[in-house]
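Working notes, beginning with the structure itself.
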Amino acid sequence: MHDRTSVDITPDILLKAYAAGIFPMAEDADDPTIYWVEPRARGVLPLDRFHVPKRLARTVRSDVFEVMTDRDFDAVIDGCAAPRRDTARTWINGRIRDLYGALYDRGACHTVEVYQAGRLVGGLYGVCLGAAFFGESMFHEARDASKVALVHLVARLRRGGFRLADTQFLTDHLSQFGVEEVPRHVYKRRLNEAAAERAEWGDPARIFSGREALADLGIKREAD
């Protein structure tokens, strides 16, 4: 379902939309309007069954990347909005940037940032509501950087007691991690249950190693 609007949207309205199972997008960066999206089937990542491929586990464990949270929201959303090889368009326009920046300032939006040699090479951002986390977008400039961000995100969500990880849609890329597609009515039931509970994002200053992240996911032995 798409419902286009040019009406001013506040951060409070945005959070109410998330609570109702709706999220905003734009056609491209130059389009000032926003439309609401409510998919008939929703992508959900089961936090207790997150799958980490063996090669990726080795990369995470090697700590070739340093992973931090909530250090540079502007740089992360810039990375997510940058043109990609398959398209020069982006759904992140100025209104989207301002809205999620406002949520970030009030602690309702978070980033996971991946650095290599001090340079941001990947990351993601999303919204927290109760014990639900809504993944918005991710990017990478180095191989596996966004995947490493996802592993650390799920470890943080499990650590903090989150109940729902929403990916909006199911894609081939996300299916390798165990993302499932659920009907709208099932998603809304899970959303209502998760939003009514409390979870903790955790201290952004606390940096976890790859081994610690994998241990939080129940992956403790060396990959083959």
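The values are calculated or read from the model by the stated rules, or taken from the named source; none is laboratory data. Not measured: the values here are computed from a predicted model. Here Cβ is always computed from backbone atoms with ideal geometry, including for glycine, and neighbour counts include all displayed protein chains. Please note that ligands, DNA and RNA were not included when accessible areas were found on the heavy atoms of the full protein model with its side chains. Shrake-Rupley method; radii C 1.70, N 1.55, O 1.52, S 1.80 Å.
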L47 fails exactly one of (1) surrounded by fewer than 20 Cβ atoms within 10 Å (Cβ to Cβ); (2) over 14 Å from the mean Cα position of the chain (by Cα), namely (2)
Listed by first then second residue, the pairs whose first member lies in region 52-75 and is more than 23 Å from W201 (Cβ to Cβ) and open to solvent by less than 20 Å² (accessible area, probe 1.4 Å), whose partner is at pLDDT below 95 and among the β-branched types (V, I, T), with beta carbons under 9 Å and at least 6 positions apart or on separate chains, are A57/I219
Based on what the data block shows, is T33 of a type in the set (S, T, N, Q) and either within 27 Å of R163 (Cβ to Cβ) or buried (at least 20 other Cβ atoms within 10 Å of the Cβ) (or both)? no
Within region 76-92, the count of residues that are modelled with pLDDT of 90 or more and open to solvent by 10 Å² or more (accessible area, probe 1.4 Å) comes to 3
Among residues of region 93-144 being part of a strand (DSSP E or B) and polar (S, T, N, Q), the residue most open to solvent (accessible area, probe 1.4 Å) is Q116
Checked region 170-185 for anything in contact (Cβ under 8 Å) with a residue 24 or more places away in the chain and either open to solvent by 20 Å² or more (accessible area, probe 1.4 Å) or under 24 Å from H140 (Cα atoms) (or both); matches are L170, T171, L174, Q176, F177, G178, V179, E180, E181, P183, R184
- Query: For region 50-72, does any single residue satisfy the condition of being more than 30 Å from R211 (Cβ to Cβ) and either modelled with pLDDT of 95 or more or in contact with a helix residue (DSSP H, G or I) (Cβ under 6 Å, 6 or more places away or on another chain) (or both)?
  - Reply: no
